[in-house]
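Report on the following structure.
All of the numbers you see were taken from the coordinates with simple rules; none came from a lab. What you are looking at is a predicted structure, and each value in this text was computed from that prediction instead of being measured. For neighbour counting, all protein chains shown are included, and Cβ atoms are generated from backbone atoms with ideal geometry for every residue, glycine included.
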Amino acid sequence: MNYDALLAARTENMKASAIRETLKVASQPGIVSLAGGVPDPAGFPLEIIRELSSRVVDKYPEAAFQYGPTEGFPPLREVLSDRLRESGTNVDRDELLIFSGSQGVLDALGKVLISRGDKVVVETPTYLGALQAFNAYGPSYVCIDSDENGPVAASLARALEQNDVKFVYLVPTFQNPTGRTISLERRKEIAELIRFHNVLLVEDDPYSRLRYEGAHLPTLKSMAPDHVVYVGSLSKVFAPGFRLGFAAAPGILARWLVIVKQGVDLHTSSFSQALAAEYLAGGHLDTHVPRLIERYKPKRDAMLKALDLHFPSDFKWSRPEGGMFVWVEGTKGIDMDEVYKRSIVRSVAFLPGRYFFARDGEGRETMRLNFSKADSDSIEQAIRILSEEVDRGSRRSVLAG
């Protein structure tokens, strides 16, 4: 049977996840992986989960195991909206929806908002998972410039002036892949621009609680509530295996997201939601996150120290105040795909940066490094090996030029 003939036209825009495919290699025994954005499993709150599991069975003997409302488990929606308000983002429970991971939110937004050819504004570079979620619906990307303070406001202004934009997608805090954070002044400029142009912005915020230094910054949602869909996740601060994401969507968008979700999975796991509700209501987030920061900050410091010590002086890299990633920009002409192939042979994995660019051909000299999973000694050793391979790649690019 010719199964290719059965495929929908939209599959032409769909590709296997570079991250997931890379992780298959990176997860092999003996590989030091700086590739995926994977939490350290030693940081999972297993004792808390054991305690909460028993409590959920006793407290919600029916609701935790039965079909539930598509919008989400009511106690979880209630406590999430409370936590968001405490941090300065006023979200009513009725506009807060629970999804099976924040990736589910991004796909639902693509399904609801994007028709083929619609223009979507993204950073350069941007989160690969968002591109994957949106690509199936055939958008045309408008790429804006970014610097160490995030998207350049003047570049965003030009994009909004020159294009009929469906929405803007940003990761404002400890961005994946660069680790950069949009400064307060830049946030104000962006909020003013989206209000002035009356355009929707999707704010993806999975990392902001993992701050190792510096002051917490207000969300874009708090600055332009009617123009922002706020997307959050519990994967990085609870456990990714529970697949819990959420969205705060204004107006009728919330209703359309519910309709989409009804056709996909009816609702997110009731048991996972009940666990998360008890985790948040019991104050466990406030005690667990400092432990994660205590675990991750030395790893970030080890990576930055190793980069300073070993990497070529003409390379540049981000110095994130939190999150999970460091972004490296090499000299023009170096091909990080080739560096990756040689590094894997030496049991070190990373993610070539080109996957995070909406335009083909860009970012070949870049790489994303994750520091959350490996231990500090392994990170130092891996960076030393990578430095040797990027130095070899740099020499090859000079000879080729």
Next item on the list: Let me know the shape class of region 53-284, please: from the alpha-carbon gyration tensor, a ≥ b ≥ c as square roots of the eigenvalues, rounded when a/c is under 1.5, otherwise prolate if a/b is greater than b/c, or oblate.
Entry: prolate
Margin query: Taking the alpha-carbon distance from K15 and a cut-off under 18 Å, which aspartates and glutamates remain once sequence neighbours fewer than 8 residues away in the same chain are dropped?
Written below: D4, D107, D337, D360, E362
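Any chance you could list the semi-axes, whole Å, largest first, of the equivalent ellipsoid that the Cα gyration tensor gives for the chain, using √(5λ)?
The answer is 33, 26, 22 Å, longest axis first.
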Check: Using unit Cβ charges (K, R positive; D, E negative) and no other charged atoms, how large, in debye to the nearest 20, is the dipole of the chain about its Cα centre?
Finding: 540
Check: H216 versus N198, label points 7 Å from Cα toward the beta carbon: distance in nm?
Finding: 3.5
Next item on the list: Amide H neighbours of S208 under 5 Å, at least 5 residues apart or on other chains, H built in the peptide plane: list them.
Entry: none
Check: How far is helix 74-86 tilted off the main Cα axis of the chain, in degrees rounded to 10, range 0 to 90?
Finding: 60
Notebook entry, point to check: What whole number of Å gives the distance from the Cα centroid of region 41-116 to the Cα centroid of region 258-300?
Noted result: 7
Margin query: Among P172, A277, A224, which residue has its Cα furthest toward the positive end of the charge dipole of region 53-284, with +1 on Lys/Arg Cβ and -1 on Asp/Glu Cβ?
Written below: A277
Note to self: With an 8 Å Cα cut-off and a minimum separation of 6 or more residues, compute the relative contact order for region 287-362 in percent.
What the structure shows: 16
Next item on the list: Provide the net charge surrounding D265, with neighbours chosen by a C-beta distance below 12 Å and charges set as Lys +1, Arg +1, Asp -1, Glu -1.
Entry: +1
Next item on the list: Report the charge-dipole magnitude of region 53-284 in Debye, nearest 20, computed about the Cα centre from +1 at each Lys and Arg Cβ and -1 at each Asp and Glu Cβ.
Entry: 240
Check: What list of ³J(HN,Hα) values in whole Hz, one per residue of region 360-365 in order, does the Karplus curve 6.51 cos²θ - 1.76 cosθ + 1.60 (θ = phi - 60°) give from phi, with Gly and Pro shown as x?
Finding: 4, x, 9, x, 5, 9
Item checked: Relative contact order (%) - criterion: Cα under 8 Å, at least six apart; region: region 53-284 -> 29
Item checked: On Cα atoms only, tilt of 184-196 relative to the major axis of the chain in degrees -> 60
Checklist line | Shape category assigned to region 312-361 from the gyration tensor of Cα positions, a/c cut at 1.5 | finding: rounded
Notebook entry, point to check: Based on the Kirkwood radius over alpha-carbon pairs, what value in µm²/s does the Stokes-Einstein equation return for the translational diffusion coefficient of region 302-401 at 4 °C and 1.567 mPa s?
Noted result: 95
Next item on the list: Give the order of E389, E12 when sorted by the count of other beta carbons within 10 angstrom, beginning with the fewest.
Entry: E12, E389
Next item on the list: Springs between alpha-carbon atoms under 10 Å, Gaussian network over the chain: tell me which of T178, T331, T287 tops the mean-square fluctuations.
Entry: T287
Note to self: Below 8 Å, C-alpha to C-alpha, sequence gap of six or more: please give me the relative contact order for the chain in percent.
What the structure shows: 23
Next item on the list: Select from G333, M1, S233 the residue farthest towards the positive end of the dipole of the chain; place +1 on Cβ of Lys and Arg, -1 on Cβ of Asp and Glu, and compute about the Cα centre.
Entry: M1
Margin query: Greater than 32 Å separation of Cα atoms is the criterion. Which listed pairs, K297/K341; K111/K299; K305/K332, meet it?
Written below: K111/K299
Margin query: Just to confirm the number: angle between the C-alpha axis of helix 153-162 and the first principal axis of the chain, 0 to 90 degrees, nearest 10?
Written below: 70
